[in-house]
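Trainee: After the structure tokens below, expect a handful of questions from me.
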Ligand code: SF4
């Protein structure tokens, strides 16, 4: 059993968090509350349905924070991810959760011209698929907002080492808030387990980082958590444009 499996195993679930981790969780809640008070309905949370985002989602529900959230359904998500989405909708119907889909005409034309799995042929084609299935829907999800929240952590990859709590996202022209920037993976799992919050069962099958089914695979224990994403590309290129590898400007 890997360390991650050990930490995630239900038998390891504690009745309560350690005082230090409970305090860290309360800090997370405070960060989200501050964001809600500052931006009101002009902020939104991009929920990828990964473990980190389930932590933020659970916190929003537990604390009754009125932050809208959205999921991008690319049309290529694995079934367990869609099942988790259904579970979130059923468990926390009070959440203001919206699902965004790719524009059908543009995607239809791309698939006709390039082929349904063209992303394996080149980085350019992979990025154009991500642009159609993720970035354009993201633009619609962020339209009219002043800020967005992500579940990114510094420790997730070499492309995220410079992550800050609050940044200026030049690409989106929005404030970007990363309330888990200083969290470790095992801390995320301890909160999920002690609160009994749902998570994607693919995490139990070697998928620390979740994405579209054809572009995500399981990894060996101890490997770079992002190495299962677009594994045929160089590590520095393994971002889809939602969160550019280049650090954005840190705001006060
Ligand atoms: S992750 Fe793969 S399938 Fe999903 S949008 Fe990007 S290239 Fe397309």
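Bear in mind that the values in this text are calculations on the coordinates, not laboratory data. Since the structure is predicted, the reported quantities are computational estimates derived from the model, not experimental observations. Heads up, the Cβs are rebuilt from the backbone with ideal geometry, glycines too, and the neighbour counts pull from every protein chain shown.
Trainee: Working from the pairwise distances between different alpha carbons, so that the mean of 1/r is found and then inverted, what is segment 24-95's Kirkwood radius in Å?
Mentor: Numbers: mean 1/r = 0.0779 Å⁻¹.
About 12.8 Å, per the Kirkwood formula over Cα pairs.
Trainee: Only bridges whose two residues both fall in segment 3-250 count here: according to DSSP, what percent of them are antiparallel, nearest 5? Before the final figure, lay out each step's value.
Mentor: Details: 7 of 19 bridges.
Percent antiparallel among DSSP bridges in segment 3-250 is about 35.
Trainee: Hey, another quick one. Let me check I have the definition right: for the chain, take the eigenvalues of the Cα gyration tensor, multiply each by 5, take square roots. What are those semi-axes in whole Å, largest first?
Mentor: Working: eigenvalues 149, 98, 64 Å².
Equivalent-ellipsoid dimensions as semi-axes: 27, 22, 18 Å.
Trainee: Run the numbers on the chain and let me know its relative contact order in percent, using alpha-carbon pairs under 8 Å that are six or more apart.
Mentor: Details: 377 pairs, mean separation 62.5, N = 252.
Answer for the chain is 25 percent.
Trainee: While we're here: Taking the Cβ-Cβ separation of residue 124 and residue 196 as r and a Förster radius of 41 Å, what is the calculated FRET efficiency to the nearest 0.05? Please list the in-between numbers first.
Mentor: On the way: r = 44 Å, r/R0 = 1.07.
Computed FRET efficiency for residue 124 and residue 196 comes out at 0.40.
Trainee: Further question on the same structure: At R0 = 35 Å, how high is the FRET efficiency between residue 79 and residue 18 if r is their beta carbon distance? Nearest 0.05 is fine. Kindly include the intermediate steps, with their values, before the conclusion.
Mentor: Numbers: r = 35 Å, r/R0 = 1.01.
The calculated FRET efficiency here is 0.50.
Trainee: So for segment 45-123, averaging the separation of alpha carbon pairs under 8 Å that are six or more residues apart and normalising by length, what relative contact order in percent results?
Mentor: Working: 57 pairs, mean separation 25.0, N = 79.
Computed over segment 45-123, the figure is 32 percent.
Trainee: Rounded, prolate or oblate, given the Cα gyration tensor of segment 168-219, with a/c below 1.5 counting as rounded?
Mentor: Details: a/c = 2.59, a/b = 1.30, b/c = 2.00.
Oblate.
Trainee: Separate question: For every helix of n ≥ 4 consecutive DSSP H residues, a contribution of -39,500 (n - 2.57) applies; sum these over the chain, divide by its total residues, and give [θ] at 222 nm rounded to the nearest 500 deg cm²/dmol.
Mentor: Values: 8 runs with 89 residues, N = 252.
Roughly -10500 deg cm²/dmol at 222 nm, from the helical runs in the chain.
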